[in-house]
Amino acid sequence: MASDLLQQLQAGPGVPGHIAVIMDGNGRWARQRGLPRHAGHREGMKAVREAVEGSIKAGIDILTLFAFSTENWQRPASEISALMALLEAYARKEKEELRRQGVEVRVLGELDRLAPDTRRAIDGIMETTEGGEALRLNLMISYSGREEILRAVRALATEAAEGRRKPEEIDHKVFEKALFTGGIPDPDLLIRTSGELRISNFMLWQLAYTEIHIPPVLWPDFTRQDLFAAVLDYQKRERRFGRVAAS
Ligand code: IPE
Ligand code: IPE
Ligand code: MG
């Protein structure tokens, strides 16, 4: 079945270069089984592997995963520490395998808010995987789209106030470089699992013309087949970017 979908998408009109994912539904997955929320987060790690390996198989260049939002700091302390422990374990355990697979990992967000142990684990996975050419994996941690925009505005305003930049020079290119995602092309496809029809402060600038796919599957149940199905859905879309359709 999986290989059928993969063959279908390989025969299609080109795959998205950049896929972004809001990995949602871990808590509901756990609740349905009478388990604590952290059990859902733990199970979600398997889905991360599926998304990474599926992306490599499908020939995706960049995969961006929303792992923890700035607003998620308002969750109970016990859930936050379980999530951070899982993140550290992922970084430590998977870095060699990711390097072997040719995955280059970058962690983007307000990293100054993370504990020293978490920072070390993140630095470790980025160093170990540096130079990987099969897939670029962006992990968005302590990330918020509005905060990202504000940080960029503050940095550019400071440069202007200090006379290092003329305000009229601030165009799309300059602004994009000041975002956490500077140098990374916008996502072509956004997947949000668990059926929630909202953006939740994710990549507000970058998603301007991104195609959106929202399957009902809860993140821990997400497999590479779900990724392939999302790409097939994307291949049916007509991207117009505000222009009229070619006839
Ligand atoms: C997504 O799952 C993971 C994070 C936001 C860290 P949730 O924890 O939001 O799961 P639900 O939405 O409560 O099911
Ligand atoms: C968005 O999911 C954040 C991540 C997936 C990391 P949330 O579960 O936090 O978003 P809301 O609260 O449902 O909008
Ligand atoms: Mg959620």
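The values are calculated or read from the model by the stated rules, or taken from the named source; none is laboratory data. None of these values were measured; they are calculated from a predicted model. Note that each Cβ is placed from the backbone with ideal geometry, even for glycine, and that neighbours are counted across all protein chains shown.
Here are some notes:
- Selection over the stretch 128-164 of residues that are away from ligand 2 (no atom under 13 Å from the Cβ) and assigned to a loop (DSSP other than H, G, I, E, B) gives a count of 8.
- Filter result for Arg237 (over 30 Å from Leu86 (Cβ atoms), at pLDDT 95 or above and of a type in the set (Lys, Arg)): yes
- The listed residue being closer than 25 Å to His41 by Cα and either surrounded by fewer than 22 Cβ atoms within 10 Å (Cβ to Cβ) or within 13 Å of the chain's Cα centre (by Cα) (or both), out of Pro216, Pro220, Pro185: Pro216
- The single condition among (1) within 20 Å of Tyr143 (Cβ to Cβ); (2) among the small types (Gly, Ala, Ser); (3) surrounded by fewer than 17 Cβ atoms within 10 Å (Cβ to Cβ) that Gly27 does not satisfy is (3).
- Residue count for the stretch 55-96, restricted to those that are within 11 Å of ligand 2 (Cβ to nearest atom), among the aliphatic types (A, V, I, L, M) and in a strand (DSSP E or B): 2
- The requirement of being at negative phi, out of contact with any strand residue (DSSP E or B) (no Cβ under 7 Å at 6 or more places or on another chain) and not in a loop (DSSP other than H, G, I, E, B) is not satisfied by Glu104.
- Residues being within 21 Å of Leu65 (Cα to Cα) and free of Cβ contacts under 8 Å to residues at least 60 places away in the same chain - total across the stretch 153-180: 4
- For the stretch 20-47, the candidate set comprises residues that are under 25 Å from Tyr209 (Cα atoms) and out of contact with any helix residue (DSSP H, G or I) (no Cβ under 6 Å at 6 or more places or on another chain); within that set, the residue that is farthest from ligand 3 (Cβ to nearest atom) is Ala20.
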